[in-house]
1. Can you list the lysines whose alpha carbon is less than 21 Å from that of residue 377, not counting same-chain residues fewer than 8 positions off?
2. Say R0 is 35 Å: what FRET efficiency, to the nearest 0.05, do residue 333 and residue 138 get from their beta-carbon distance?
3. Determine the gain in length on full extension of the stretch residue 380-residue 33; use 0.36 nm per residue of separation and subtract their C-alpha separation, reporting nm with one decimal.
4. Rounded, prolate or oblate: which fits the range 280-366 when a ≥ b ≥ c are the square roots of the eigenvalues of the alpha-carbon gyration tensor, with rounded for a/c under 1.5 and prolate only if a/b beats b/c?
5. Just the isolated ones, please: cysteines in the chain lacking another cysteine beta carbon under 4.7 angstrom.
6. List the trypsin sites (Lys or Arg not before Pro) within the range 97-196 that DSSP assigns to loop and that have no more than 12 neighbouring Cβ atoms inside 10 Å.
7. With +1 assigned to the C-beta of every Lys and Arg and -1 to the C-beta of every Asp and Glu, and no other charges, what is the dipole magnitude of the range 280-438 about the Cα centre in debye, to the nearest 20?
8. Want the number for residue 8 to residue 107: 0.36 nm per residue separation, take away the alpha-carbon distance, what's left?
Amino acid sequence: MQTSFTLAQLADPDVAESEKILRACVHCGFCTATCPTYVLDGNELDSPRGRIYLIKDMLENDRPATAEVVLHVDRCLSCLACMTTCPSGVHYMHLVDHARAHIERTYRRPLSERVMRAMLAKLLPYPQRFRLVLNAARLGKPFAPLAQAIGFKRLAAMLRLSPWSGPQRPLAPQVFKAAGPRKIGRVGLLAGCVNDILAPQINAAAIRTLTRLGVEVVLPEGAGCCGSLVHHMGREHEALAQVRANIDAWTNLEGLDAIVITASGCGTTVKDYGFMLRNDPAYADRARKVASLTKDITEYLLTLPIEASQNADGLVVAYHAACALQHGQRITRQPKELLLKLGFAVKDVPEGHLCCGSAGTYNILQPDIARRLRERKVGTIERLRPDLIAAGNIGCMTQIAAGTRLPVVHTVELIDWATGGPCPPALREYRPRSVMRPSVTAG
Ligand code: SF4
Ligand code: SF4
């Protein structure tokens, strides 16, 4: 694609990077076929190619964002299916991240949106604040249909997504010693913000599995949200502050083999720290180091000598490939290989490249599109008639669970269970059909 940025514009490293990305696009439109928003409505402006044109026009002319640009960029899930499909290697993620930051700087949203976005940015990344929100949401949850009926769709979406059970306390910084006589590794674990409060069983399963296999797990002082929640809202200063805090926390630790992450949305962002801080001389090297150490939990576990100690007896698992894993990190094989090795029968979900509609705070900010994507996803999963659904990201788990009665678990909960850990809570509470066979009910 031809571009016409001036030399003065290209002196800005972010503009220079976006120009490089824009020039790689050859307008072929292959990406439209796998873009969830285009698949739903067929609007070119809600396709990757359409958004690329809008962003190019905005950046090239150095214009404040218009309502039209904001509408179509906001509808983008950042699922990155377009990057998997693109034959020209267009780095859409960095382009849309730049566009979002530009929008945040130059566009004044309506008051209600500003309040909603500020609330999400100031509450969700902070576990103690998020716990208070969830406690309040539990009281309001029965009123979700009423909120929907009177037009408060975002509030209704938030209430529907909040769990009935009480939120948990975040994991304190500590070291979990490797079990057994031989320590074979030492990793840092990103406890995460939402992950740790909504579903503490996920990190607990990861810690049990790792320590059982002989790996020491460290949760360092000072690490927190990975920054992705605010990063995807274009709030760059807040995102980079969170990124720097994590880099400080992890690079203070000696002898880490990996930084392990159980939420794939966070993993994609942490693996991009080197790019995010490339222009910060005080952090660039350490950011690259942290990014190169970062592994999804399944990526790391597959390097260890893992064996089943209990028979999963062919329990049928519909494996939902989280976008951040399959498109963001190109991890497609590892989770399924581990589940198969441990005795589960794994079914791929048709249209697996399409997002479930979760996408960070998307299911709150764009509730209609998110609902339609969830219905489509749950339909394709339920037609497989699985015993349960597994995914590698808390966002997908919450989104899908809000639309189905099938149990939804994290992949690492199944791995932990099959290697000697307790039965995942979602399966304990769900008893129809073949789930809870005697041979797999340990714990
Ligand atoms: S990131 Fe996803 S929603 Fe956004 S343009 Fe690409 S495919 Fe479409
Ligand atoms: S597939 Fe790639 S090159 Fe083709 S239009 Fe989409 S982004 Fe551009």
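1. The qualifying lysines are 153, 336, 347.
2. 0.35
3. Extending this stretch completely gives an extra 123.1 nm.
4. Oblate.
5. 25, 28, 35, 76, 86, 356, 396, 423
6. 108, 177, 182
7. Computed charge dipole of the range 280-438: roughly 320 debye.
8. Using 0.36 nm per residue and subtracting the Cα-Cα distance, I get 33.4 nm.
No lab work stands behind these numbers, since they all come straight from the coordinates. Keep in mind the model is a prediction, meaning the values are calculated, not measured. Neighbour counts are summed over all protein chains in view; Cβ atoms, including those assigned to glycine, are modelled from backbone coordinates with ideal geometry.
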